[in-house]
Amino acid sequence: MANESTRQAFPRILHTVGSQHSVVAGWVSLALLTGLLVFSLGVNLEGNNLTMNLPVALELNAPVHGSSASIQTDARIEKLRGNLRLPVRNGAFFSGSMFLIVLLFGFLLWVLTQLRHIFRSLSRGLLFIPENARRIRWVGLTVIFGELVRAALVYFWSYYTSLHFTANGLRFVASIDLSVITIIGGLAILVIAEVFREATRLHEDQSLTI
């Protein structure tokens with residue numbers, strides 16, 4: 001009884017996650033971000049109390065000592081992470097940042113749209129169909145490529161701050177922040193897509209046999 005209730009509730013949960021309202025809201029947000037990108041190319045945004053909050057990587061130029069004289073150590077802090085808030089400046093940096101953010105958000109919406117189609121087919125009892133295998137494969141590829149774009153964006157920001165900002169006792173460094181877990185997750189989704197593709201083929205062969 002409990003298993004039957006779970007099977008009935010699961011499609012409803014999936015349908016809620018990938019509902020049309022969330023997809024529409026996402027595309028509206030993407031349109032607004034794109035409009036801001038176009039707007040920033042022709043309008044001076046400096047001096048309007050607008051700020052950007054950038055993730056940065058830092059190195060601390062100070063030795064690390066033991067808590068007592070009996071502890072001898074030559075340890076050092078090599079990398080710290082934090083956020084740098086700075087006023088918005090017109091130019092290639094802001095426009096490039098907005099372009100990458102729009103691209104990253106577009107990847108997110110693409111994944112959400114594909115999931116919505118998958119959830120809709122699941123709610124109709126259509127599990128092993130060729131379209132689902134293709135959609136899951138696209139989701140996996142988008143997760144991997146989206147993580148590469150995110151890592152490129154973080155590196156772009158850290159490289160910019162390393163060239164244009166200094167602080168006493170600190171040094172801004174360019175750093176690549178690539179999530180291996182996300183890449184592995186994307187590869188796992190590709191494996192699931194291949195399983196779906198093979199299961200779909202077997203299901204179609206079985207249907208023809210019957």
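The values are calculated or read from the model by the stated rules, or taken from the named source; none is laboratory data. Quick caveat: nothing in here was measured; it's all calculated off a predicted structure. When we count neighbours, we look across all protein chains shown, and the Cβ atoms used for this are built from the backbone with ideal geometry, even at glycine.
Annotations for the structure displayed:
- Hey, Ala188 part of a helix (DSSP H, G or I), loosely packed, with under 14 Cβ neighbours inside 10 Å, at pLDDT 85 or above and over 15 Å from the mean Cα position of the chain (by Cα) or not: yes
- Scope region 150-185; condition in contact with a strand residue (DSSP E or B) (Cβ under 6 Å, 6 or more places away or on another chain), part of a helix (DSSP H, G or I) and hydroxyl-bearing (Ser, Thr, Tyr); matching residues: Ser158, Thr161, Ser162
- The residue that is modelled with the highest pLDDT, counting only those in region 77-117 that are in contact with a strand residue (DSSP E or B) (Cβ under 8 Å, 6 or more places away or on another chain) and over 14 Å from Val154 (Cβ atoms), is Arg85.
- Residue list for region 151-182, filter: in contact (Cβ under 8 Å) with a residue 40 or more places away in the chain, out of contact with any helix residue (DSSP H, G or I) (no Cβ under 6 Å at 6 or more places or on another chain) and more than 20 Å from Ile77 (Cα to Cα): Ala152, Val154, Phe156, Trp157
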